[in-house]
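Read through the structure below, which is laid out as structure tokens, and then see the notes.
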Amino acid sequence: MLREFCEQELKPRAKEVDRTGRQVPALLRWMGELGFFGIPFDQKYGGAGAGEVGYCILMQELNRACPSTATIIGAHIGIAAMSLYLDGSEALKQKYLPDLCAGRTIGAFGLTEPNAGSDAAGIQLRATLEADAYCLNGQKLWITNGPIADVVMVLAVTDPSLGARGGATCFVVEANTPGFAAGQPERKMGLHGSPTSLLNFDAVRVPKANVLGEVGLGFVTFMKTLDIGRVSLGAATLGGAEEALEASLRWVKARSQFGRAIAHMQSVQFMLADMATEIEALRALVYRTAWLVDNGQPFVKEAGMCKLLGSETASRCIDRALQIHGALGISREFALERGWRDARIAEIFEGTNEIQRIVIAGELLHERGVRIRP
Amino acid sequence: MDIADLSAGLGEDAEGAAYSDIWVVLPSEAGGALAATALLGEARRWADGLGCYVHAVIRLEALAAQAIALGADRVHVTLDPLGYLTSQQPEFVLLPSNLFFLAAELAQRLGAGLITDTPTVEIDIDTRALRGAHAVYNGDYAQVLEVTTPEKMATVDVRGWPAPYADASRTGEVIVSDRPEVVDAVNWVGPIAYTPPAWRPLQKAHTIVAVGRGVGGEAGVALARKLADALNAEFAGDRSARDSGWIDAAHEVGVTGQEVAPTLYFALGILGDTIHNAAIAGAKRVIAVHPNPDAPIFKVADVAIVGDPAEILKKLLPQL
Amino acid sequence: MNILVLLRVGRDPASFTVNRKAERIFVHRDEWRTAPADLNALEAALVLGDAGHMVMAVAIGGAEAAVALRAARAMGAARAVWVQDDALRDIDAGPMVAVVQRVIEHIGGAGLVLMGAEVPHADLAQVAARLAAAQGWAFVEEDAHAVQVEPAGTALTVTVAAGQGFHSVQTNEPAVVAVVEDANKPRYAPAANIVRVYNDPGAVERVSTTDLGLAEEALARLVTRRGERYPPERVFGQVVDGSTEEVARQLLRALRA
């Protein structure tokens with residue numbers, strides 16, 4: 001079903017979405033009705049109950065067809081709704097999850113700030129307790145789904161003296177709260193259909209009930225969420241790489257130069273073999289990690305590996321595919337250059353690959369008794 | 001000659017041979033009947049080999065003489081072929097492909113195996129098994145099927161069969177049955193205005209007529225559109241057609257547009273570069289018309305026509 | 001009214017390649033696909049199901065039949081019956097009719113049986129007409145194919161394609177209707193349904209031919225498969241030359257063939 005939907009509904013529109021930067025609202029509504037916006041979550045909250053494996057399948061297929069749409073849903077499920085699902089109180093979950101799972105409201109995840117990217121502990125969004133509500137002041141930058149979000153999970157500093165660990169709290173902020181404003185969508189190299197913007201918080205009052213998890217332990221919640229989000233991002237990059245391989249296989253069969261199809265040329269064959277090998281390795285890694293998540297096993301190291309290997313594999317595969325297609329690869333009429341532009345961000349967002357390496361090394365050495373100081 | 005005499009001559013027990021003879025059912029429409037008469041010739045050929053008779057089942061008595069000339073030994077005129085045949089004991093029943101539903105119903109009533117839409121008919125002389133082929137996956141290959149039930153049926157695709165030899169000197173029997181016509185349980189109400197869901201993308205079209213720069217300008221495009229209407233085909237084009245404004249991006253055939261896999265792809269004036277040709281790799285049959293004999297499209301076309309598309313269309317369209 | 005949809009599952013054409021020169025079929029993967037017209041029939045049934053009728057699906061064969069039935073349940077069918085028997089995977093039309101007849105009894109009767117008008121993977125398009133004859137039911141046929149069914153009481157109004165337009169025909173239940181391919185757009189199953197059906201072992205009812213009371217003789221093949229025949233290799237670039245009239249004549253012949 002998913003494959004057919006992506007091929008019949010998303011793929012034909014992907015070029016337009018990339019060109020104009022506008023999504024088709026009817027399509028998003030349809031996807032909401034089919035349950036795309038809540039695939040991994042339990043059915044009692046309105047999700048599909050497919051778990052992490054189902055979510056990885058979703059991201060893989062969506063990314064094959066339209067990476068922009070995949071990013072919207074990836075940010076919505078993978079980090080925004082997921083943080084609520086992991087650490088939210090039952091009351092909070094009941095209040096927000098059903099609408100999020102049905103796609104009636106869109107979620108966003110607000111962590112990055114102008115001065116805090118990889119150094120997530122250096123966030124400066126201030127939340128002060130006044131009477132029965134928190135007052136948020138500050139700014140968030142590069143937030144996916146920012147312009148279209150109805151609900152934003154933000155990490156704010158409640159106690160500056162304690163720093164990030166112990167002094168940061170997660171809040172669920174509704175977009176229609178006075179004082180909250182999303183900026184203009186950023187003009188990016190790729191992912192044109194996925195709106196990204198800064199978020200301004202000017203004395204935004206958030207009721208105490210909207211604290212996600214425990215006061216002071218917000219950082220832990222967000223790190224947990226990011227860990228899980230990495231697996232699905234790995235799956236998304238897998239989809240992009242697979243699509244590049246498929247396109248290349250079709251092209252090398254059709255294109256003849258020097259009297260024969262270029263499929264008969266060793267240099268091309270080697271490129272195809274490399275692409276296929278990396279894709280298979282990534283596939284094994286992603287779905288094993290998804291299995292670990294679904295079965296309650298530790299997965300932080302593997303999740304980092306998924307994101308690291310996935311983003312680099314996708315970039316390499318799509319680049320090779322571009323080379324195989326020759327000049328057609330850079331033509332804006334053909335889908336490959338869009339994939340090339342869309343894939344680059346995967347090495348940067350949701351924790352840059354450098355951070356992933358630190359995470360993986362940290363886990364590896366922790367198993368040997370060494371606590372690294374980042 | 002009476003069947004009983006022949007059987008006696010062959011030393012057979014006329015009663016014991018419960019099923020025998022080849023029966024051919026001919027459709028009622030005049031045009032259809034003419035095409036299907038080729039079946040009589042085929043039946044005649046096999047009957048001579050097997051040593052049995054050919055029966056023709058028709059609706060119009062006027063065709064009886066022609067049926068006999070074409071090879072039938074006995075002609076049965078009836079308005080209810082289904083009921084009539086069920087009361088006989090035919091061994092082989094051959095029908096043209098357009099009598100598919102009649103064949104299926106008859107097969108069920110007789111408990112016979114039925115091979116549909118076979119282009120050839122073979123009867124094994126020794127085992128008396130009926131063999132035919134049924135094309136699957138849109139013609140990718142054909143399954144060779146054999147019927148071994150006592151009664152055997154096949155609907156035959158007679159398109160392209162040569163007209164059988166008509167021997168006016170042949171004689172045969174004409175039997176008119178007074179069985180009444182069976183009233184259909186389905187009532188024809190009348191035309192209704194119904195728009196089918198118009199969601200079918202180009203990829204799913206069965207026939208596509210595509211134009212390129214060599215089609216001959218606006219005049220050529222107009223002719224091509226008429227051809228598309230006549231063939232009930234989708235109208236498409238390659239990149240130059242889109243640049244010229246004759247088609248929109250959704251109907252562009254190419255790696256940068258849509259990849260198509262129709263049963264018949266008609267390329268008019270398309271030069272055929274890799275970007276276009278790669279997208280029609282799945283087409284079952286490609287007919288290409290282009291004035292340039294070196295056009296790369298001819299390397300992927302089953303039928304290559306070197307000529308001016310507009311002129312050829314002008315001659316072709318009146319005949320369609 | 002009970003509506004039964006027959007799903008016929010065959011190999012997915014993307015999973016094998018036919019080598020005409022070597023006269024062999026190379027199967028790359030074991031992938032199966034329901035006949036597309038059967039999916040259109042299922043969609044037509046589900047439209048009626050939305051209006052309140054009970055839609056049930058039946059498929060015959062091995063595990064691939066169960067997968068097709070689970071998809072049908074996820075799309076909204078109320079009940080799915082799997083006649084499990086690996087040997088029946090390439091069943092031919094005669095025994096298939098016998099099985100479907102017993103399934104109709106098993107589900108407590110049906111007012112309408114829907115299936116696709118074409119089956120790409122085997123000579124099974126005749127099942128619809130044969131089933132109607134076997135049951136003594138009405139059958140919508142002629143050159144028209146059923147496109148839409150709207151029952152009102154016991155009468156069925158079927159929209160059929162005839163010539164360039166559409167006509168309406170009427171008949172009474174019980175009837176068999178064959179839906180033509182691409183008559184509608186099959187719906188997408190909501191993700192929650194897919195997961196629910198996947199996790200529910202009872203979503204698809206499993207019956208065997210003995211459960212249905214079918215003897216060996218009833219399942220005997222009427223038509224045996226004796227191998228494959230391959231069309232000639234495609235020859236590209238067969239040039240048609242000559243005067244415009246000659247070319248047009250040749251073209252006409254090529255189109256008619």
Exercise. Regarding A:Gly259, is this residue crowded, with 23+ Cβ neighbours inside 10 Å and either touching a strand residue (DSSP E or B) at 6+ places or on another chain (Cβ under 9 Å) or over 18 Å from A:Thr112 (Cα atoms) (or both)?
Worked result: no
Problem set entry | segment B:139-151, residues that are in contact with a strand residue (DSSP E or B) (Cβ under 8 Å, 6 or more places away or on another chain) and within 7 Å of another protein chain (Cβ to nearest Cβ) | B:Asp140, B:Tyr141, B:Ala142, B:Gln143, B:Val144, B:Leu145, B:Glu146, B:Val147, B:Thr148, B:Thr149
For this session: State yes or no: is B:Ala154 surrounded by 15 or more Cβ atoms within 10 Å (Cβ to Cβ), outside any loop (DSSP other than H, G, I, E, B) and more than 9 Å from chain C (Cβ to nearest Cβ)?
Result: yes
Exercise. What is the residue count in segment B:280-297 for residues that are more than 25 Å from the chain's Cα centre (by Cα), away from chain A (no Cβ under 14 Å) and not in a loop (DSSP other than H, G, I, E, B)?
Worked result: 2
Problem set entry | Residue match in segment A:309-318 (condition: over 18 Å from A:Ile79 (Cβ atoms), open to solvent by less than 30 Å² (accessible area, probe 1.4 Å) and small (Gly, Ala, Ser)) | yes
Problem set entry | segment C:218-236, residues that are facing chain B (nearest Cβ under 7 Å) and touching a Leu at 6+ places or on another chain (Cβ under 8 Å) | C:Leu222, C:Val223, C:Thr224, C:Arg225, C:Arg226
Exercise. Can you tell me which of A:Lys224, A:Lys188, A:Lys208 is surrounded by fewer than 22 Cβ atoms within 10 Å (Cβ to Cβ), outside the structural domain of A:Ile123 (by TED's automatic domain parsing) and touching a residue at least 60 places away in the same chain (Cβ under 8 Å)?
Worked result: A:Lys224
For this session: Starting from residues that are of a type in the set (D, E, K, R) and over 25 Å from A:Glu337 (Cα atoms), keep the ones in segment B:223-264 and report whichever is farthest from the other protein chains (Cβ to nearest Cβ).
Result: B:Arg225
Problem set entry | Cβ-Cβ under 6 Å pairs, at least 6 apart or on other chains, segment A:1-21 side within 13 Å of A:Ala70 (Cα to Cα), far side acidic (Asp, Glu) and part of a helix (DSSP H, G or I) | A:Leu2/A:Glu61; A:Cys6/A:Glu61
Problem set entry | Pairs where the first residue, in segment A:358-371, is at negative phi and the second is modelled with pLDDT of 90 or more and outside any helix (DSSP H, G or I), C-beta under 9 Å, 6+ apart | A:Glu363/A:Pro298
Problem set entry | Residue in segment C:158-174 that is modelled with the highest pLDDT, counting only those that are assigned to a strand (DSSP E or B) and small (Gly, Ala, Ser) | C:Ser168
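Working only within segment C:97-118, note down all residues that are over 13 Å from the mean Cα position of the chain (by Cα) and among the hydrophobic types (A, V, I, L, M, F, W, C).
Passing the criteria: C:Ala98, C:Val99, C:Val103, C:Ile104, C:Ile107, C:Ala110, C:Leu112.
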Exercise. What about B:Ala65, is it open to solvent by 10 Å² or more (accessible area, probe 1.4 Å), away from every other protein chain (no Cβ under 14 Å), within 21 Å of B:Ser177 (Cβ to Cβ) and without any contact (Cβ under 8 Å) to a residue 40 or more places away in the chain?
Worked result: yes
Exercise. Being within 14 Å of chain C (Cβ to nearest Cβ) and more than 29 Å from A:Glu280 (Cα to Cα), is that true of even one residue in segment A:59-79?
Worked result: no
Exercise. Taking interchain pairs and intrachain pairs at least six residues apart, which have beta carbon atoms under 8 angstrom, with the first residue in segment C:14-34 and within 13 Å of chain B (Cβ to nearest Cβ) and the second loosely packed, with under 14 Cβ neighbours inside 10 Å and of a type in the set (Val, Ile, Thr)?
Worked result: C:Ser15/C:Val27; C:Phe16/C:Val27; C:Ile25/C:Thr17; C:Phe26/C:Thr17
For this session: Give segment A:329-359 a look and list any residue that's buried (at least 21 other Cβ atoms within 10 Å of the Cβ) and among the polar types (S, T, N, Q), or say none.
Result: A:Gln356
Exercise. How many of the residues in segment B:85-138 are at the interface with chain C (Cβ under 7 Å from one of its Cβ atoms), touching a His at 6+ places or on another chain (Cβ under 7 Å) and part of a strand (DSSP E or B)?
Worked result: 3
Problem set entry | Given (1) open to solvent by 10 Å² or more (accessible area, probe 1.4 Å); (2) modelled with pLDDT of 95 or more, index of the condition A:Leu238 fails | (1)
Exercise. Listed residues C:Val239, C:Val247, C:Val177; which is assigned to a strand (DSSP E or B), open to solvent by less than 30 Å² (accessible area, probe 1.4 Å) and within 14 Å of chain B (Cβ to nearest Cβ)?
Worked result: C:Val177
For this session: Taking C:Gly116 as the residue in question, decide whether it is over 21 Å from B:Thr149 (Cα atoms), modelled with pLDDT of 85 or more and open to solvent by 10 Å² or more (accessible area, probe 1.4 Å).
Result: no
Exercise. Got at least one residue in segment B:92-102 being open to solvent by less than 20 Å² (accessible area, probe 1.4 Å), of a type outside the set (Asp, Glu) and farther than 13 Å from B:Leu39 by Cα?
Worked result: no
For this session: State which residue is nearest to the other protein chains (Cβ to nearest Cβ) when the search covers only segment A:24-45 and only residues that are buried (at least 20 other Cβ atoms within 10 Å of the Cβ) and not in a helix (DSSP H, G or I).
Result: A:Gly35
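The values are calculated or read from the model by the stated rules, or taken from the named source; none is laboratory data. Please read these numbers as outputs of a predicted model, since none were measured by experiment. Virtual Cβ from ideal backbone geometry, glycine too; neighbours counted across all protein chains shown. We work out accessible area using only protein heavy atoms, side chains counted, and drop any ligands, DNA or RNA first. Shrake-Rupley method; radii C 1.70, N 1.55, O 1.52, S 1.80 Å.
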